[in-house]
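What follows is calculated from the coordinates using simple rules that are stated; it is not laboratory data. Since we're looking at a predicted model, the values are computed, not measured. Cβ sites come from the backbone with ideal geometry, for glycine too, and all protein chains shown count toward neighbours.
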Amino acid sequence: MSDTKYADAVARIRALENGLFSSAQIEQLLSVKSYEGALRFLTEHGWGDADTPLSAEAILTREKAKSWETVRDLLKGDDAILAVLSYGDLYHNLKAAIKDAAAPGSHGNVYFDDCEVDGAQALKESPSAFERWCDNQLIETIKPQKYNPFTAGPLVAYVLAKENEIKTVRIILTARLNGLEEEQIRERIREMYV
């Protein structure tokens, strides 16, 4: 296998990364006070397509589909490496089942002895804080892929970064729809890849 097999695909991903939301753009979205205004903000920033209805679910679903279509196209049929990314959905279902089964405040002893777990404090705060901590750890783990020009790593990192971005936007939209205060929303915001 050539060391430059993914060079063209990575170059295209680098260009697409410039379109990912930065923390500043997430702050701009957060400053939009209405749900409808937030949807308009997204469409003005290229989310969805011309024929995508102005609804959160339609826009977010289309944005996820666009990122997957792009990466699959760049891999030119060599997309078996993306199969591992379906584990995220499986993991989500597992987390949902655990949260559903666990009574609030009674997590039991779920840690190994003599093993430091940085997320333990987040878990003590709330399941939501722990989930945010996990997502932020994932973003920190994939950030070095921004400097990797010759492997499929940047393509996988782009998909993960885009899904993190979509999750953050979903949190903001849901919070706006439900009238949450800005501080309550801010506690749930994830770190961005760019």
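Quick rundown of the values:
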quantity: Over 27 Å (Cα to Cα) - which of K33/K64; K33/K146; K33/K143; K66/K124; K64/K124; K5/K143 fall in this group; calculated: K33/K146; K33/K143; K66/K124; K64/K124
quantity: DSSP-assigned coil residues among trypsin sites (Lys or Arg not before Pro) in the range 18-81, each with at most 11 further Cβ atoms within 10 Å; calculated: K33, K76
quantity: Share of pairwise Cα separations in the range 148-194, more than 18 Å, in percent; calculated: 42
quantity: Shape box of the range 1-45 [Cα atoms, principal axes, largest first, Å]; calculated: 51, 17, 13
